[in-house]
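What follows is a single structure, written as structure tokens, with notes after it.
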Amino acid sequence: MARYTGPKTKISRIFGEPITGNGKWLTKNSNPPGQHGAQRKRKTLGEYALQLREKQKAKYTYGLLEKQFRKTFDEAARRKGVTGENLIKLLEARLDNTVFRMGIAPSRQAARQLVSHKHITVNGEVVNVPSFSLKPGDAIGLKNKSAANDTLINNIRPKNTKFNWIDFNQAELKGTFIAYPERESVPENIKEQLIVELYSK
């Protein structure tokens with residue numbers, strides 16, 4: 001299963017944002033990575049560099065590699081509506097991302113592991129594919145054996161009420177993917193139009 005396994009704090013320092021989850025090190029050292037990161041002057045990026053940077057940010061944020069990200073973009077382009085917004089909707093509809101949004105896992109990486117290790121069900125069936133694309137109305141939960149695992153239960157946090165496109169009942173350990181989110185509801189600082197322009201070249 002392809003995924004990024006390199007240093008996560010380094011990625012956050014490149015973009016100056018906690019895009020890989022934990023941003024505690026950014027308060028200690030927000031310089032670019034590398035031996036001379038503090039002395040290196042930040043160059044003014046050109047058009048292509050800005051577009052590429054935005055694509056890389058989206059890939060690292062949602063934990064995709066290039067081939068899978070391109071397939072997601074192509075699917076977004078085929079759908080009706082604004083391609084950039086469709087891209088964000090499809091990324092948010094991934095099973096690993098939804099498990100993270102519901103509060104079942106503390107990070108997208110942890111959510112991906114839960115899915116891969118067969119702890120998560122969709123409509124009552126175990127699904128172990130993190131990229132599984134949810135549809136409105138799909139029910140997500142922990143399988144019975146996993147629901148009795150104290151370690152998993154202790155990691156569950158209250159769902160953020162800002163994520164109004166999903167619902168999660170913490171007592172029953174079940175939730176629902178209600179609808180694809182509107183772009184303004186997704187908090188990630190991604191300029192998806194730059195990604196569209198990059199792939200349109």
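Would you work out if the chain is rounded, prolate or oblate? Take a ≥ b ≥ c from the square roots of the eigenvalues of the alpha-carbon gyration tensor; rounded if a/c is under 1.5, else prolate when a/b is larger than b/c, oblate otherwise. Please list the in-between numbers first.
On the way: a/c = 2.16, a/b = 1.41, b/c = 1.53.
Here the chain falls in the oblate category.
Can you give the accessible area per residue of the chain, in Å², using a 1.4 Å probe?
Details: 11420 Å² over 201 residues.
Here the per-residue accessible area is 57 Å².
Would you calculate, for the chain, the mean residue ellipticity at 222 nm contributed by helices, counting each DSSP H stretch of 4 or more residues as -39,500 (n - 2.57) and dividing by all residues, to the nearest 500? Can you show the working numbers first?
Numbers: 10 runs with 87 residues, N = 201.
Computed mean residue ellipticity for the chain: -12000 deg cm²/dmol.
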Seminar exercise, completed: Calc'd 3J(HN,Hα), region 103-118, phi into Karplus 6.51 cos²θ - 1.76 cosθ + 1.60 (θ = phi - 60°), Hz, glycine/Pro = x, comes to x, 5, 10, x, 8, 5, 5, 5, 5, 4, 5, 4, 5, 4, 8, 6
Exercise. Could you give the nm distance between label points at Leu52 and Ser133, where each point is 7 Å from its Cα heading toward the beta carbon?
Worked result: 2.8 nm
Problem set entry | Förster radius 41 Å - calculated FRET efficiency between Ala171 and Lys71, Cβ distance, rounded to 0.05 | 0.65
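Using R₀ = 30 Å, calculate the FRET efficiency as 1/(1 + (r/R₀)^6) where r is the Cβ-Cβ separation of Lys80 and Lys191; round to 0.05. Don't skip to the end; give the middle numbers.
Working: r = 22 Å, r/R0 = 0.73.
Result of the calculation: an efficiency of 0.85.
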Exercise. Could you give the distance between the Cα centres of region 177-198 and region 57-80, to the whole Å?
Worked result: 12 Å
Exercise. What number comes out for the charge environment of Lys118, summing +1 per Lys or Arg and -1 per Asp or Glu over other residues with Cβ under 14 Å away?
Worked result: +1
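Please compute the length gained on full extension between Arg157 and Ala179, using 0.36 nm multiplied by the number of residues separating them and subtracting their Cα-Cα distance.
Extra length available between Arg157 and Ala179 comes to 5.8 nm.
The values are calculated or read from the model by the stated rules, or taken from the named source; none is laboratory data. A quick note: this is a predicted structure, and the numbers were derived from the prediction, not measured. Cβ: placed from backbone, ideal geometry, glycine included. Neighbour counts: every protein chain shown. When the accessible area is computed, the model is the full protein with side chains, heavy atoms only, and any ligands, DNA or RNA have been set aside. Shrake-Rupley method; radii C 1.70, N 1.55, O 1.52, S 1.80 Å.
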